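Some notes on the structure that comes next.
Each value in this text was obtained by applying a stated rule to the coordinates, not by laboratory testing. What you see is a predicted model, and the numbers here were worked out from it, not measured in a lab. No Cβ is skipped: glycine too gets one built from the backbone with ideal geometry, and neighbour counts run over all protein chains shown.
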Amino acid sequence: MLNKVQLIGFTGADAEIRATAGGKALAVLRVATSRYTRKNGERQDFTTWHTVEIWSPGTVKWLSSRPLPKGSKVYVEGEIRNERYTDNAGLEHYFSKVVVAGPGHELKSLDRPEAEAAAPPEDEA
């Protein structure tokens, strides 16, 4: 079975670095992708926002030391996860996110020209 997504887009804000109750570090990033169509000769843009959760320790550490500012062009490869929660009114809400956590998953900056900053270090297994 395969669950894989690849995105090239722009960050909507600086990455949010936080820790779980158990002390595991993660980073959350908002990435915008877009597409366009032409209708009656006019260009119409459609933007889709993606929530990206980064759990790979090496990538989280890289983001902590070299933040990606709002508007940075990035490549994201991960898996899609669907989640749900119940709000205070008892209504169920569903959402999707891209998770970067396993082998073959990655986050790369496409803006940085220097070779050592082009990609986070490989996580040690």
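Any idea what the dipole of the stretch 5-106 comes to, in debye rounded to 20, about its Cα centre with Lys/Arg Cβ at +1 and Asp/Glu Cβ at -1? Display every interim value, and only then the final one.
Working: 14 positive and 11 negative charges, 62 e Å.
Magnitude of the dipole: close to 300 debye.
Amide H contacts of L68: A15, each under 5 Å away and 5 or more positions distant or on a separate chain (H built 1.01 Å from N in the peptide plane; Pro and chain starts excluded). When DSSP beta bridges are restricted to pairs lying wholly in the chain, around 90% turn out antiparallel.
Note on K24/T86: beta-carbon distance plugged into 1/(1 + (r/R0)^6) with R0 of 25 Å gives a FRET efficiency of 0.55. By the beta-carbon count within 10 Å of each Cβ, the least crowded to most crowded order of D87, D14, fewest first, is D87, D14. Given the options H105, H93, H50, which has the most mean-square fluctuation in a GNM of the chain, springs set between C-alpha atoms less than 10 angstrom apart? Answer for the Gaussian network model of the chain: H93. Return a whole-number percent for the relative contact order of the chain, with Cα pairs under 8 Å and 6 or more residues apart as the contact set. RCO, the chain: 27 percent. Our compactness index for the chain, the C-alpha radius of gyration over the empirical 2.2 N^0.38 Å, is 1.18.
Counting lysine pairs in the stretch 5-106 that sit 8 or more residues apart in sequence, or on different chains, and whose Cα atoms lie under 27 Å apart gives 9.
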